[in-house]
Structures are given as C-alpha cells and as structure tokens.
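The values are calculated or read from the model by the stated rules, or taken from the named source; none is laboratory data. Worth saying up front: this structure is predicted, and the values here are computed from it rather than measured. Cβ: placed from backbone, ideal geometry, glycine included. Neighbour counts: every protein chain shown. Protein only, heavy atoms only, side chains kept; ligands, DNA and RNA dropped before computing areas. Shrake-Rupley method; radii C 1.70, N 1.55, O 1.52, S 1.80 Å.
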Amino acid sequence: MKKFILDTSVLLYHEDSIHGFPDQEIILPIEVLEELDTFKTRDDSKGNAARYINRFLDELRQQGSLKEGVKLKNGQTIRICLDSDLSILPAGFDNTYDNKIISVAYKELKAGSDVSIISRDINFRVKCDALGIPAENYSKEKVKIDRREAYTGVSVIDISSEEMEDFYSNGEIDLYEDFYPNEFIVLKSDKQSALAVYKNETVKKLTFTSQKGFNVQGITPRNKEQTFALEALLDPDCHMVTLTGKAGCGKTLLAVASAVHQLQSGRYKKIIVSRPVQSLSSDIGFLPGTKYEKMEPWIQPMVDNFKIVFNNGESYFNLMLEKGIIEVEALTYIRGRSLPSTIFILDEAQNITYQEAKAVLTRMGEGSKLIMLGDLEQIDAPHLDSTTSGLGAISEKFKDFELSSHITLLKGERSKLATYASKIL
C-alpha cells in the first residue's frame, strides 16, 4: 500500500481530495490540522473545505482510532501522524508547519516506506525534491469521487416475461424489493420494458404520462427521466418535487409547463417563482424599481421558459404578473409568509443552505406544491458544496417521505453543444 502525505494546500483546494486515493494510506500530520483550523471561520471555498474536513474526521472517530488509522469504504486508510521531527532534517530548515510536514515524509522515506507528498505549493515540492522525497501536484480532475451514493429517484429492475405480462394486464405488480415512496422504476424483461412508480406499497403504471401522445402545454418528454419528472410534477399527492441535473436537461421548462397546466386546470391559484441572489441571505438592494424589476435579471431564465410555454406570449405573461397570478418573490422576504394553494418554483436551489431550504419549506400552506430545481455540480455560493447545499440535503432527507418525489435528470436536451459542454467542462 502506497502512503500519501497531504499538504494543507491540497485539502483547501478541494475537500474531495481526502476521498481521492482509494486502496492507499493517507497520512495527515497534526500540523495540517492546525493549519486547517485557522481557515474554518472564513466565508469562502477554503473555509468551506476546512469545515468539511473537520466534520469528516470527527465522523471517522466513531469508526476507530485516527492515530492507528481508519479504513474507508473505498479501501483507503486515513491516519493522523504526531511524529514530526525537525532534528532529522539538514540544517537550514526553520521551525515552520511546512518543514514539520516534510519531516514526517522524510522519516517515512528513511524507514523504507513507499511514500509521496501531495502539495499544490510549488516551493514545498521543490524542498521535497531537494531531500529526495517524491512530491506531486494535485488536481481534483485526476480522481473520480464517490463521496456518497446519491439518491436518483429511479431504480432498474429485471423481471420475468410472465411478470411483465401481469403488469401490462393489471397495471400493477407486487415486487419484493425495497423502494422509497414515489420512487420511479424501469421494469425490464428480455426485449420489453415498462415505466412504473412505487405508490402505496405497490409498483404501479404511470398515471399522468402513460397515454399515447402525452404532452403538457405542448411540451413532450424526450427521455424516461423527463417522463418521470412530469409524472411527479403533475401528481397532486406529491407536495414537493426536487429535480437535479446538469444544464440543459429540461428542469426549468418541465417545471414551468406543469405549473401553468395545473394553474389553468384550477388545481392551484397562483405560481410564485424565485431564485437565490447568490444566497438567500443576500438582500436585493435599494435599486429603484419594483420587486420584479429588481429580480428580473436573476429570474430571466425562468421568464424565458414561461414565454416558451405561452408560445412567446410576452403580453400574456405580463398580464398574469399584473393580476398576481404569477408572482416573483425575493427569498430575502420569504419568512413570515404563508402560501396556500400555490405552486412555488425555486430555481438554482443548489445555492441555498439547509437552513434556508427549511425556511422555504415551512412557508408552504395547505394545498401547495414546492418545486426545487438545481445542478449540484454547479454550485456558485462559496460556502456550499453538494453535501451542504439545501437542495442536496432535502433530496436525500425527504426520499422516504410519501408526499415528496425526486428525479435526477441525466440527459441534456437543449442542444448537442450544450450537452457536450456540460459533460466535459
């Protein structure tokens, strides 16, 4: 097993670095933890990384001794080292954290270990080279991280031909599998397949999207994940729907089309749309104009989708705004409101915190529906990541709640260029 000593610069560059060495041993000198501690109060990406590493190591203490080493699911071992010793280094190395970290590697090297230091500090790597210690730069693009198996809302199940015939005949089937409420299922048998949903402890045929030629306000689903998303969005028993996926997969268009459809059918009285201005705690400011005029630059992508649904009917959209049937709300002022019989669409929800998501959820009144949209791989708020984002936390914590549904959209449908850009960049 190869040993890697991680410098503080690596952990601060991206917190996923601590997961990025499967089947190897990670050594964290105590000096690295001391340096991390000085960053934990910062409100930026480095502060976020420091806090994540601290929480992660605290959780590992429950699994074993960090001094002896704790093994992760990916075969990687993490060990805290207290054995820095400047006296083993040549003269001229001052009493600094960097040199103490180097002394840990030097000691391992002299003991015959296959050790390497990982650092983003050029001078640090040069000093290691002068001592004959292997040293490498780190880039998060070098490793694929599987921090947790995120819930996608979809399972693929193989069944027999007889079971498939029963499903086609009866519209439902009993499967002895563990599913979450409102989890969507792709049934496969030989060359046949079917789409289903788990409701009331039974695998059932889709209710709203199964008819031939199905569309919502002229919008037709282009893949199975979009079909599942529309099924959840149109289901009155799903009071909250979370949709995640890369740019161009159709999240906003599906949400807007389904909201307008249900508004026109009389199921809801109004649509409220919102989007964090970087984060919910940011004020919309004292610029002149109405609340809509202040928020317009932020919600323009959603407005564009409303106009698509209305067949470029900008005047119709503006009329609905004037009548209050469609409302734009700043999240700064959401506290204290009660929203009955309302569809609330929160776009870019990956940029709100867990506490801010809770503030929105607790505003929802009787007969309302909350739709949260976002891309967990494109978080702009500097103090958030995929595990601390309100959207990520809510989609995981509510997966076993019978009134909510989640779908991860996988395919880009905006254009081939947009899809390729989302994939490689």
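Would you pick out the residues in the stretch 46-77 that are among the polar types (S, T, N, Q), in contact with a Leu (Cβ under 9 Å, 6 or more places away or on another chain) and crowded, with 18+ Cβ neighbours inside 10 Å?
N48
Restricting the first residue to the stretch 164-175 and requiring it to be over 9 Å from V203 (Cα atoms), which pairs with a second residue that is of a type in the set (S, T, N, Q) and outside any helix (DSSP H, G or I) meet a Cβ separation below 6 Å and a spacing of at least six or different chains?
Note: pairs meeting the criteria are M164/S189; M164/Q192.
Failed condition for V216, given (1) open to solvent by 10 Å² or more (accessible area, probe 1.4 Å); (2) closer than 17 Å to E413 by Cβ, with all others met?
Unmet for V216, out of (1) open to solvent by 10 Å² or more (accessible area, probe 1.4 Å); (2) closer than 17 Å to E413 by Cβ: (1).
Any residue in the stretch 262-284 that's over 22 Å from Q300 (Cβ atoms): show its pairings with residues that are at pLDDT 90 or above and polar (S, T, N, Q) at Cβ separation under 7 Å, as long as the two are six or more apart or on different chains.
From residues that are over 22 Å from Q300 (Cβ atoms), the pairs are Y268/Q262; Y268/S341; Y268/T342; K269/S341; K269/T342.
Would you check which residues across the stretch 7-25 are under 23 Å from G112 (Cβ atoms) and either over 26 Å from the mean Cα position of the chain (by Cα) or open to solvent by 30 Å² or more (accessible area, probe 1.4 Å) (or both) and list them?
Residues of the stretch 7-25 that are under 23 Å from G112 (Cβ atoms), as a first pass: 7, 21, 23-25.
Selection gives D7, D23, Q24, E25.
Could you tell me whether any residue of the stretch 145-152 is in contact (Cβ under 8 Å) with a residue 24 or more places away in the chain, open to solvent by less than 30 Å² (accessible area, probe 1.4 Å) and under 21 Å from the mean Cα position of the chain (by Cα)?
There is at least one residue in the stretch 145-152 that is in contact (Cβ under 8 Å) with a residue 24 or more places away in the chain, open to solvent by less than 30 Å² (accessible area, probe 1.4 Å) and under 21 Å from the mean Cα position of the chain (by Cα).
Helices (runs of 4 or more DSSP H) wholly in the stretch 313-425 with at least 1 residues that are at pLDDT below 90, charged (D, E, K, R) and open to solvent by less than 50 Å² (accessible area, probe 1.4 Å) - which ones? Spell out how you get there, then give the answer.
Numbers: elements: 314-323, 354-361, 390-397, 416-424.
The qualifying helices (runs of 4 or more DSSP H) are 354-361, 390-397.
Take the residues in the stretch 87-115 that are small (G, A, S) and without any contact (Cβ under 8 Å) to a residue 40 or more places away in the chain, then tell me which one is surrounded by the fewest Cβ atoms within 10 Å (Cβ to Cβ).
Restricting to residues being small (G, A, S) and without any contact (Cβ under 8 Å) to a residue 40 or more places away in the chain, the top hit is A91.
Out of all the residues in the stretch 229-252, is one or more at pLDDT below 95, under 23 Å from the mean Cα position of the chain (by Cα), in a helix (DSSP H, G or I) and over 20 Å from A150 (Cβ atoms)?
yes
For (1) out of contact with any helix residue (DSSP H, G or I) (no Cβ under 9 Å at 6 or more places or on another chain); (2) crowded, with 17+ Cβ neighbours inside 10 Å, each residue gets a yes or a no:
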| position | (1), (2) |
| --- | --- |
| E162 | yes, no |
| E165 | yes, no |
| S169 | yes, no |
| I173 | no, yes |
| Y180 | yes, yes |
| L187 | no, yes |
| L195 | no, yes |
| V203 | no, yes |
| P221 | no, yes |
